[in-house]
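A short worksheet on the structure shown next.
The values are calculated or read from the model by the stated rules, or taken from the named source; none is laboratory data. Owing to the predicted nature of the structure, the values given are computational and were not obtained by experimental measurement. All Cβ positions, glycine included, derive from the backbone under ideal geometry; neighbour counts span all protein chains shown. SASA here: full protein model, heavy atoms, side chains in, ligands and nucleic acids out. Shrake-Rupley method; radii C 1.70, N 1.55, O 1.52, S 1.80 Å.
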Amino acid sequence: MNSDLAPTYKRMFGDYWILWYSISNSYSVINSDFELLLDTYLTSKTQTEFSNSISNYISVSDSLNLSETIHNYLKDCNNPYSLPNISSETLDTSHRNISKYYLFGTKRILIHYSSELVLKTVHPAIAHYCKKHTEAPDVIFDIFLKHNNLHLFKNGKLLSCVPKREYHHMQGKFIMHLLCSLHHKTEQDWIGTLHGSAITDGNTSILFVGKSGKGKSTLSALLATNGFELLADDVSPLLSENEHIYYNPSSISIKKGAFELLQPLVNNFDNLPIVEFNATKGQLKYMPCAKPKYNHYPCGAIMLVNYQPQSETIIEPISIKHVLETIIEDSWLSPNPKHAQQFLDWLQKVKLYQVTYSNTDCVSSEISTLFKQLNHEN
């Protein structure tokens, strides 16, 4: 009845459909029954035609209510996507109170911070790359707080200006542009930056996802002490050109609840400084890891992490609904229709699992077995 509201792409995954709406750059997961009703609604020219099409199942009065429900669903899915407003404010170098110089391979990065608090938004995760200033930087970032807004500049150009309570948006923008600098890419080259941690065995990678506190970073740290390599923690960038996950140099952020578990497993864990940024995050330690052999790897599986004390280690298939609902909330996904189609294609290629665990040795062994299976299949 209003085909203008129809999804741009739709793809079937088992019992579910994923729909992508270009006007809103949003993904929706629906079951097969609702998809059939939605398709019937969109192909019906009138309310009467829609009611007749489903008359064997639903009364006319109920079909009117259903029609309204579907229309409201489609309206919600088609709220126009808009880029964040960026002010025209110019760089104020008087905020350069703290300066740090970082060396990522051959790439030289200089970051100016306005205060110790602002420093904590970025520096702890990349502190292991901090060096004494020796040569002119390739890239200069400025991060400062002004009028309760966090500003992010790159080479004098404003990239982000957000209220300080939304500091995570600035962090995401910074990581994106740091990755662009390190991998010689532009923001338009990426399918997205996925909220998850990627581990590689040197051949392929597994993306670990999960809500905060479910143990994905802790599991990544455990695996990094058991012969695997950290490809990316928390922000895993997916490139359009080859659909590989790329290296993110950030350290693994470890919450206080995992200190006791990791202390005997990680060399010099006690010497890692404790960082306290705010009450919500609590005490954190940032665990640096060696850079993997290559800058990027294909992804063989997405794994939803579920740490449960005293549980057995169980790796089992999981639906796309649970995986996508976990990934989407805190990820950035490109609004480019080509990238949206690639993202759906990529999701259909990877295996989907959930791991429930408590025993660290057992979970490392099970994931090692899974890596072997993924490599054999590929």
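Condition first: out of contact with any strand residue (DSSP E or B) (no Cβ under 9 Å at 6 or more places or on another chain) and small (Gly, Ala, Ser). Can you find one or more residues in the stretch 104-115 that meet it?
yes
How do the pairs read when you match residues in the stretch 86-112 that are among the small types (Gly, Ala, Ser) with residues anywhere that are part of a strand (DSSP E or B), using Cβ under 8 Å and keeping only pairs 6 or more apart or on different chains?
Taking only residues 6 or more apart or on different chains, the pairs are Ser87/Leu158; Ser87/Cys161; Ser88/Leu158; Ser99/Leu110; Ser99/Ile111; Ser99/His112; Ser99/Tyr113.
Evaluate the following for Asp142: is it more than 20 Å from the chain's Cα centre (by Cα), within 24 Å of Arg108 (Cβ to Cβ) and open to solvent by less than 10 Å² (accessible area, probe 1.4 Å)?
Against the criterion (more than 20 Å from the chain's Cα centre (by Cα), within 24 Å of Arg108 (Cβ to Cβ) and open to solvent by less than 10 Å² (accessible area, probe 1.4 Å)), Asp142 qualifies.
Just name the residue that is farthest from Glu377 (Cα to Cα) out of those in the stretch 290-317 that are under 19 Å from the mean Cα position of the chain (by Cα) and surrounded by fewer than 19 Cβ atoms within 10 Å (Cβ to Cβ).
Asn306
Which is more than 25 Å from the chain's Cα centre (by Cα), open to solvent by 40 Å² or more (accessible area, probe 1.4 Å) and polar (S, T, N, Q), of Ser82, Ser67, Ser114, Ser99?
Testing whether each residue is more than 25 Å from the chain's Cα centre (by Cα), open to solvent by 40 Å² or more (accessible area, probe 1.4 Å) and polar (S, T, N, Q) leaves just Ser99.
Cβ-Cβ distance below 7 Å, separation of 6 or more or different chains: which pairs start in the stretch 314-342 with a residue that is under 23 Å from Met170 (Cα atoms) and end on one that is surrounded by fewer than 16 Cβ atoms within 10 Å (Cβ to Cβ) and not small (Gly, Ala, Ser)?
Taking only residues 6 or more apart or on different chains, the pairs are Thr326/Lys211; Pro335/Tyr81.
Among the strands (runs of 3 or more DSSP E) lying completely within the stretch 68-162, list those that include at least 2 residues that are over 19 Å from Met176 (Cα atoms).
Of the strands (runs of 3 or more DSSP E) lying wholly inside the stretch 68-162, those with at least 2 residues that are over 19 Å from Met176 (Cα atoms) span 98-104, 139-146.
Pairs please, first residue from the stretch 264-276 and under 14 Å from Pro124 (Cβ atoms), second anywhere and hydroxyl-bearing (Ser, Thr, Tyr) and open to solvent by 80 Å² or more (accessible area, probe 1.4 Å), Cβ atoms under 9 Å, 6+ apart in sequence or on different chains.
Here the result reads none, with nothing in the stretch 264-276 linked to a residue that is hydroxyl-bearing (Ser, Thr, Tyr) and open to solvent by 80 Å² or more (accessible area, probe 1.4 Å).
Just to be sure I understand the filter: pairs with C-beta atoms under 6 Å, separated by 6 or more residues or on different chains, first member in the stretch 360-378 and touching a residue at least 60 places away in the same chain (Cβ under 8 Å), second member loosely packed, with under 13 Cβ neighbours inside 10 Å and part of a helix (DSSP H, G or I). Which pairs pass?
No pair meets every condition.
Go through (1) farther than 30 Å from Trp346 by Cα; (2) open to solvent by less than 30 Å² (accessible area, probe 1.4 Å); (3) hydroxyl-bearing (Ser, Thr, Tyr); (4) in contact (Cβ under 8 Å) with a residue 40 or more places away in the chain for Thr46 and report which single condition fails.
Of everything listed in (1) farther than 30 Å from Trp346 by Cα; (2) open to solvent by less than 30 Å² (accessible area, probe 1.4 Å); (3) hydroxyl-bearing (Ser, Thr, Tyr); (4) in contact (Cβ under 8 Å) with a residue 40 or more places away in the chain, Thr46 misses just condition (2).
Given (1) open to solvent by 60 Å² or more (accessible area, probe 1.4 Å); (2) within 23 Å of Glu325 (Cβ to Cβ); (3) polar (S, T, N, Q), identify the lone condition not met by Gln188.
Evaluating Gln188 over (1) open to solvent by 60 Å² or more (accessible area, probe 1.4 Å); (2) within 23 Å of Glu325 (Cβ to Cβ); (3) polar (S, T, N, Q) leaves (2) as the failure.
How about the stretch 41-92: which of its residues are more than 27 Å from Tyr27 (Cα to Cα), β-branched (Val, Ile, Thr) and in contact with a Ser or Thr (Cβ under 9 Å, 6 or more places away or on another chain)?
Result: Ile58, Val60.
Failed condition for Lys351, given (1) open to solvent by less than 20 Å² (accessible area, probe 1.4 Å); (2) within 18 Å of the chain's Cα centre (by Cα); (3) without any contact (Cβ under 8 Å) to a residue 60 or more places away in the chain, with all others met?
Among (1) open to solvent by less than 20 Å² (accessible area, probe 1.4 Å); (2) within 18 Å of the chain's Cα centre (by Cα); (3) without any contact (Cβ under 8 Å) to a residue 60 or more places away in the chain, Lys351 violates only (1).
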